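Below is one structure, written out as structure tokens, with a few remarks after it.
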Amino acid sequence: MRETQVQSAVAGVVTPEMLSVAGAEGLDVDLLRTRVAEGQIVLPMNRGSAKSVGIGMGLRTKVNASIGTSTDIVDLDAEIRKAKAAESAGADTLMELSVGGDLDQIRREILAAVQLPVGNVPLYQAFCEATAKFGDPNKLDEEMLFEIIERQCADGISFMAIHCGINQYTIERLEKQGYRYGGLVSKGGASMVAWMKANHRENPLYAKFDRVVSILKKYDVVLSLGNGLRAGSIGDSFDRAMIQELLINCELAEEGRRMGCQMMVEGPGHVPLDEIEANIILQKRMSNHAPYYMLGPLPTDIGAGYDHVVAAIGAAQSARYGADLICYITPAEHLALPNESDVVEGVKVARLAVHIGDLTKYPSQARPRDIAMSKARRDLDWPGQFEHALFAADAARIRGERLPECDSQVCTMCGAFCANRASNKLFAAALEHGQKA
């Protein structure tokens, strides 16, 4: 069996995946290898392609797009289109979260359709199969759960959100604080809590964590410690249940690393703006800077229809303070299953948000592109503006649809009153002899 990325890194071996990511990110490969060994960078891989993605310290903040069927809408062709649209729009990773239809077929066809690393939540299929087999999700058998995890790993899943941090003590915190304003919003988390209460048993993903790790390590799949008790309301952010689960997940991240498995920690969904930095500081310090996968986060609860914009505000702050992977939000969030257009919009807005965060987190890496765009705008260099725009085709389309009639050098916003054209003439000598040409 091939050694995992963690085992190779600890042994001082630079893998092809490390070389690929270091080259793409402009990071010294030995530094990257060290951070993989220390658990500060993970390398999820799509085993059906040559594509590797680096997530973690010193790397560009990445964007995940989520797709998947529901119990109401099962359209495999539509999910494949959404997966390809997410990849084309620039998503770095993809999560396949189906709960309706033939889940094995859907997963395998999505894996074959994209080059991106694909993640999932194995509890979804486990509870779906238990419902189909027994008529009751709470009759899920532990062996069925572990068999499904291994089946999905064998299919080529790159990373798994597994809800190991929910245990009896965590649930007790939830009960003693009087539940929550926003309830439980994680499908996997809510289902596991229901199973534990119905069976009066500990979460097997926590109780048998070493078995979870051994399966994922066998396939070198990144274990993303799921945030099953994440806040679904800004009023629930930083409550005792959320912090308890985060504490457990950070402990488990260290345990998993020691066992040779790649580990990532997931973060909360709804967080007011002034708590985002503190949330990331807690996660980073308690986990020895394990990569942090932020779900959202949404800093207000009333943005339905525009929650992709709400999440972009939270994502920019999260990237700024050290989050490593951001899960996009679409305009359909809290309202409906996203369609292809929603997916594209969600990816683009999230990409813009994490770039804004990276401008502060990694200024020397991120800012040159913005400076180049500024110069192109100053000089009325339209090809240059399109080259440096994050969404060049969209920018060119809008420009092309509204070209000025008389003077193609300017745009129809200012026309003859173009500020830059007039100012460039006034300061031509200063520009020629200055440092900003």
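May I ask you to compute the full-extension gain from residue 258 to residue 435, defined as 0.36 nm times their residue separation minus their alpha-carbon distance, rounded to one decimal in nm? Mind dumping the intermediate values first?
Numbers: separation 177, 0.36 × 177 = 63.72 nm, distance 5.08 nm.
Net length gain for the segment: 58.6 nm.
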Once amide H atoms are built 1.01 Å from N in the peptide plane, which residues 5 or more positions from residue 63, or in another chain, come under 5 Å H to H?
92, 93, 326
Taking 0.36 nm per intervening residue step and subtracting the Cα-Cα distance, what contour gain separates residue 168 from residue 14 on full extension?
51.3 nm
List the residue ranges in the chain for DSSP H helices whose C-alpha atoms run 24 angstrom or more along the long axis and whose Kyte-Doolittle average is -0.5 or above.
240-258, 340-361
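Tell me the mean residue ellipticity at 222 nm calculated for the chain from its helices only (DSSP H runs of n ≥ 4, each -39500 (n - 2.57), averaged over every residue, nearest 500).
Roughly -16000 deg cm²/dmol at 222 nm, from the helical runs in the chain.
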Can you list residues from other chains, or at least 5 along the same chain, whose modelled amide H is less than 5 Å from the amide H of residue 68?
97
Would you mind calculating the gained length between residue 421 and residue 132 on full extension (0.36 nm times residue separation, minus the Cα-Cα distance), in nm to one decimal?
97.2 nm
Sort out the exposed loop chymotrypsin sites (Phe, Trp or Tyr not before Pro) in the chain (DSSP loop, at most 15 other Cβ within 10 Å) and tell me the longest stretch that has none.
1-178
Pick from 260, 228, 26: which is most flexible by mean-square fluctuation in a GNM of the chain where alpha carbon atoms under 10 Å apart are linked?
26
Taking springs between alpha-carbon atoms closer than 10 angstrom, which of 281, 234, 162 fluctuates most in the Gaussian network model of the chain?
281
For the stretch 1-95, listing trypsin sites (Lys or Arg not before Pro) in a DSSP loop whose Cβ sees at most 10 other Cβ atoms within 10 Å gives 2
For residue 46, enumerate residues with amide H under 5 Å from its amide H, sequence gap 5+ or separate chain, H modeled in the peptide plane.
51
Could you give each residue of the stretch 90-96 its phi-based ³J(HN,Hα) in whole Hz, using Karplus coefficients 6.51, -1.76, 1.60 with θ = phi - 60°, and x for Gly or Pro?
x, 4, 8, 9, 9, 10, 9
Where Rh is the Kirkwood radius over the Cα pairs of the stretch 1-155, the temperature 4 °C and the viscosity 1.567 mPa s, what D in µm²/s does Stokes-Einstein return?
76
Matching label for the computed Cα extents along the principal axes in Å, out of [x] 73, 73, 59; [y] 78, 49, 42; [z] 70, 56, 44, is [y]
How far apart, in nanometres, would the label points at residue 372 and residue 181 be if each is projected 7 angstrom from Cα along the Cα-to-Cβ direction?
4.4
Which loop-located trypsin sites (Lys or Arg not before Pro) does the stretch 168-262 contain, where loop means any DSSP state but H, G, I, E or B and the Cβ has at most 14 other Cβ atoms within 10 Å?
201
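Every number in this text was worked out from the coordinates using simple rules, so none of it is lab data. Because the structure is predicted, anything quoted here is derived from the model rather than measured. FYI the Cβ positions are ideal-geometry reconstructions off the backbone, even for glycines, and counts take in every protein chain you see.
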